[in-house]
Amino acid sequence: MDVALKIDVDTHPGLKLGVPRLAAMLKAQGVAASFYVSMGPDNSGKAIWRVIRNRGFLAKMFRTRAVSMYGLRTVLSGTILPARQIARAFPEVIRNLRRRGFEVGVHGYDHVRWQDRIDRLGEAGIRAELEEAFEVFAAILGDRPAGFAAPGWRTNATALRLLDNMGLSYRSDTRGRAPFRCAVEGRILATPEIPTTIPTMDEVMGRPDLPDGAALQRFYLEQFRADWLNVHTVHAETEGMAYLESFATLVRALKERGARFVRLDELAGNLKVAELPVCEVIRATIPGRAGWISAQGPALEASG
Ligand SMILES: [Zn+2]
């Protein structure tokens, strides 16, 4: 059973506190993983206040304890307090990840701007987000990333087309079933897409049928399957902080079941890209998550 852990880092405290703890836990268990870091400012306060205005958010916030999880400084970041930098504030944390054998990829520049405004940014706006993110990455690590993971699993035709020309080995922008090639505006893109295949913890936490940690563990162990590639996205802000122990328990249980943990760049290197199915990228909703995400559409007729 192959398991790829995709760890998204959305915030300043996520990189400062969550990433070192996750790295230490994974290293102690001898487990490989890929980290995707937002390279620009932490405007998560803006996102949190935006969703507070949405119906149903408050209930979810209390259910998932978002504020106690993120902390007051983050809730205010980019609102009445200035946005703090994420990657640039902790370059050593990022270099340490690579030194310890983890993959480091890019999770956008301004996570909130990308997630909220991708369809209004236009080509110049999206290009600027990507170029700034890759510049910060190069300033810290001295090279280019193998992989890009779209903030909030949101992408569009412009972003996909621009990313296809950036020399990546893969993208992980969507939710879906298995690696595929994206058909965009009648063209098949060269860069393979490796979708997240398993629901995230914040999507399932608080479900009435999953009342406690033990039920959540059972649910997750049922999600991981031997007959497909399991790509599990976790967050530095949740599994790296309040839920570190429960995530460590899950990793241990997966190891006991013989899971082989693989980095996404290694996976991408072993893909036979020309043989991957061709799918459109569609928009979908996911239980427990607000708004739309990009998803793997049905496979199109093989067209070479
Ligand atoms: Zn994210």
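The values are calculated or read from the model by the stated rules, or taken from the named source; none is laboratory data. Since the model is a prediction, treat every value here as computed from it, not as a measurement. For neighbour counting, all protein chains shown are included, and Cβ atoms are generated from backbone atoms with ideal geometry for every residue, glycine included. In case anyone asks, the SASA skips ligands and DNA or RNA and just uses the protein heavy atoms, side chains included. Shrake-Rupley method; radii C 1.70, N 1.55, O 1.52, S 1.80 Å.
Shown here for the stretch 227-304: trypsin sites (Lys or Arg not before Pro) in loop regions (DSSP other than H, G, I, E, B) with at most 10 other Cβ atoms within 10 Å, namely Lys272. Largest GNM mean-square fluctuation among Gly45, Gly176, Gly213, using the chain with Cα springs under 10 Å: Gly213.
Springs between Cα atoms under 10 Å define the GNM used for the chain, and in it the highest mean-square fluctuation of Ala33, Ala149, Ala214 occurs at Ala214.
For Ala138 and Glu301 in one chain, what is 0.36 nm times their gap in residues minus the Cα-Cα distance, to one decimal in nm? Taking 0.36 nm per residue and subtracting the Cα distance, the gain is 54.8 nm. Summarising the amide proton neighbourhood of Ile198: residues at separation of 5 or more, or on other chains, whose placed amide H is nearer than 5 Å comprise Val231, Thr233. Expressed as a whole percent, the accessible area of the stretch 175-258 that falls on carbon and sulfur atoms is 54 (1.4 Å probe). Once both labels are positioned 7 Å from their Cα atoms along Cα-to-Cβ, the gap between Gln223 and Ala190 label points is 3.4 nm. When the Gaussian network model of the chain links Cα atoms closer than 10 Å, the mean-square fluctuations of Trp153, Trp114, Trp228 top out at Trp228. Going down the list Lys16/Lys255; Lys6/Lys27; Lys6/Lys255, which pairs span over 21 Å between their C-alpha atoms? Listed pairs above 21 Å: Lys16/Lys255.
Just to confirm my numbers, what's the Cα centroid distance between the stretch 178-212 and the stretch 1-50 in Å? About 17 Å separates the Cα centre of the stretch 178-212 from the one of the stretch 1-50.
Each Lys or Arg adds one and each Asp or Glu takes one away; over the other residues whose Cβ falls under 13 Å from the Cβ of Gly125, this sums to -3. Projected over every direction and averaged, the convex hull enclosing the alpha-carbon atoms of the chain yields 14.9 nm². Each Cα pair under 8 Å and six or more residues apart adds its separation to the average, and for the chain the resulting relative contact order is 26 percent. Using the Cβ of Ala178 as centre and a radius below 13 Å, the other residues enclosed give a net charge of +1, where K and R count +1 and D and E count -1. Rolling a 1.4 Å probe across the protein heavy atoms gives the stretch 221-304 an accessible surface of 51 Å² per residue. For the stretch 76-186, the solvent-accessible area of protein heavy atoms averages 39 Å² per residue (probe radius 1.4 Å; ligands and nucleic acids excluded). Each other residue within a Cβ distance under 9 Å of Arg289 adds +1 if Lys or Arg and -1 if Asp or Glu, for a net charge of -2. Here the label points at Arg73 and Asp119, each 7 Å from Cα along the C-beta direction, are separated by 3.6 nm in the simple model.
Would the stretch 152-197 count as rounded, prolate or oblate if I go by the C-alpha gyration tensor, calling it rounded below 1.5 in a/c and otherwise prolate when a/b exceeds b/c, oblate otherwise? Taking the square roots of the gyration eigenvalues as a ≥ b ≥ c, the stretch 152-197 is rounded. Classification of the stretch 122-232 by its C-alpha gyration tensor yields a prolate form. The axis ratio a/c (a ≥ b ≥ c) is 1.5 or more, and a/b outweighs b/c.
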